[in-house]
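Take a look at the structure below.
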Amino acid sequence: MRTLLVAGGTGGHLYPALALAEHLEKRDGPCLILSTARPVDRTVAAASTVEWITVDLHQFTPVWHWLSPRYTIHQILAMRQIWSVIRRRRPDVVVGFGGYVGAAGVAAARLAGLPAVVHEQNLLPGRANRWLARLADAVAVSFPETRSHLSRRSPVEVTGNPVRSHLVGVGFEEARRSFGFDLERPVLLVMGGSQGSRAVNAASAGIWEDQPPEVRRKVQIIHLAGSSQEASSLEEAYRRLGITARVFPFLHEIHLALAAATLSISRAGATAIAEMAALKLPAVLIPYPYAGGHQRANARWMEAIGAAVVLEEDQITPQRLWEEVSGLLWAPDRLGRMREALRSEGDGSAADRLSSLVRRVAS
């Protein structure tokens, strides 16, 4: 079976596609991932063993961009490239993971008469997937609640959101030693999403400014900053404060960070939620307040099952964030209850279920 997976623009689209591709290639044959040419796509592609093609397609909105002949020609050429890949490779099935490149890929597949599956990672489906759901042969969703937000004519199946197989199975001792951490002190993992977040970075580093040295020495931090400039600034701040910290612009070995962590401060992208569920990692979630409220819905789901505390970005001050972090980081009983709440979630079977759906559609 030849499978084309179309995803890109954010890690939230890319990583589920990569997880599915790696799973399918073990049993079903070669996969090809088609993504945008944005920096995050190129970074993920460079570390992957799956065949990958990037297309310099831009977002389709705002509509006034189309008044520019240069923009219109650029988009037409990029979409011709997508069409060429589909016609040349002639996959048995195309799987789209949302976003503008996913929309272009699935639409081209249907025009070519190829079967297509759409996967929605978020609880609230995006505009592209709400539209594509009417075209696709099947729609896979991560949350049962997503069904009510899609057309009743769409054939919907709850598969979960696949995570890469190497995320699970790493012991916390091995993970902590990989960062040079000791095994006793708790580890706080800070993640602002694949493109970083200045708001999350500033608040997460700022909570330590007013704490005495003996408190700062009680913690170890892994901070994913999103850019080299932010990483340098944060590294200097932690050094000045005397905090044991490992700061990275981007970390391919995210499985080690998740396995090492006691608690996470994180955005609430669907992939981050799925990975924290798979590793049974409690979190303080700060959802991205824009993009249709997708992250807010994801975060409230994790809060509702008892595995997270949610703070809106406009509520965030170092003092407010410190109240939540300090109330969890050194509270093993409370953390244990939050981990237990995740025990029935993220059981690692999402890739199996989605692969099975893709096979059925292809055949």
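The values are calculated or read from the model by the stated rules, or taken from the named source; none is laboratory data. None of the values given here were measured: they were computed from a predicted structure. Glycine also receives a Cβ, built like all others from the backbone with ideal geometry; neighbour counts cover every protein chain displayed.
A few remarks follow.
- Within region 162-184, the residues that satisfy the criterion of being at pLDDT 90 or above and of a type outside the set (D, E, K, R) are PRO162, VAL163, ALA175, SER178, PHE179, GLY180, PHE181, LEU183.
- Flag if GLY12 is modelled with pLDDT under 90 and under 17 Å from VAL95 (Cβ atoms): yes
- Subset of region 109-127 that is surrounded by fewer than 24 Cβ atoms within 10 Å (Cβ to Cβ) and in a helix (DSSP H, G or I) - its residue that is farthest from the chain's Cα centre (by Cα): LEU111
- Single unsatisfied condition, THR159 versus (1) of a type outside the set (D, E, K, R); (2) within 30 Å of ARG216 (Cβ to Cβ); (3) at pLDDT 90 or above: (2)
- Scanning region 317-363 for residues that are in a loop (DSSP other than H, G, I, E, B) and surrounded by fewer than 19 Cβ atoms within 10 Å (Cβ to Cβ) turns up THR317, TRP330, ALA331, ARG343, SER344, GLU345, ASP347, GLY348, SER349, SER363.
- Taken as a whole, the condition of being closer than 21 Å to VAL55 by Cα, more than 25 Å from the chain's Cα centre (by Cα), in the same structural domain as TYR15 (by TED's automatic domain parsing) and not in a loop (DSSP other than H, G, I, E, B) does not apply to VAL106.
- Selection of first residues in region 297-316 that are closer than 18 Å to ARG339 by Cβ and of second residues that are of a type in the set (Lys, Arg) and buried (at least 16 other Cβ atoms within 10 Å of the Cβ), restricted to Cβ pairs under 7 Å at least 6 apart or on distinct chains, gives the following pairs, ordered by first then second residue: VAL310/ARG300.
- A single entry from ALA308, ALA304 fulfils the requirement of being buried (at least 19 other Cβ atoms within 10 Å of the Cβ) and either closer than 22 Å to ASN122 by Cβ or in contact with a Pro (Cβ under 8 Å, 6 or more places away or on another chain) (or both): ALA308.
Table: residues versus (1) of a type outside the set (A, V, I, L, M); (2) touching a Leu at 6+ places or on another chain (Cβ under 7 Å); (3) surrounded by fewer than 20 Cβ atoms within 10 Å (Cβ to Cβ).
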| position | (1), (2), (3) |
| --- | --- |
| LEU18 | no, no, no |
| ASP28 | yes, no, yes |
| CYS31 | yes, yes, no |
| THR36 | yes, yes, no |
| PRO39 | yes, no, yes |
| THR54 | yes, no, yes |
| GLN59 | yes, no, yes |
| PRO62 | yes, no, yes |
| SER68 | yes, no, yes |
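- Test: residue in region 51-70 that is under 25 Å from SER165 (Cα atoms), modelled with pLDDT of 90 or more, in contact with a Ser or Thr (Cβ under 9 Å, 6 or more places away or on another chain) and not aromatic (Phe, Trp, Tyr): yes
- Qualifying residue in region 281-295 (condition: within 16 Å of the chain's Cα centre (by Cα), β-branched (Val, Ile, Thr), surrounded by 24 or more Cβ atoms within 10 Å (Cβ to Cβ) and closer than 17 Å to VAL163 by Cβ): no
- Sole residue being surrounded by fewer than 16 Cβ atoms within 10 Å (Cβ to Cβ), within 30 Å of PRO91 (Cα to Cα) and without any contact (Cβ under 8 Å) to a residue 60 or more places away in the chain, chosen from ARG177, ARG198, ARG130, ARG152: ARG152
- GLY196 at pLDDT below 90 and within 30 Å of SER326 (Cα to Cα): yes
- Put simply, of ILE273, ILE265 the only residue that is under 21 Å from VAL163 (Cβ atoms), modelled with pLDDT under 95 and in contact with a helix residue (DSSP H, G or I) (Cβ under 7 Å, 6 or more places away or on another chain) is ILE273.
- Test set (1) crowded, with 20+ Cβ neighbours inside 10 Å; (2) touching an Asp or Glu at 6+ places or on another chain (Cβ under 6 Å); (3) farther than 17 Å from LEU251 by Cα - ALA203 fails condition number: (2)
- Residue in region 77-96 that is buried (at least 23 other Cβ atoms within 10 Å of the Cβ), closer than 30 Å to TRP301 by Cα, assigned by TED's automatic domain parsing to the domain that holds PRO155 and hydrophobic (A, V, I, L, M, F, W, C) present: yes
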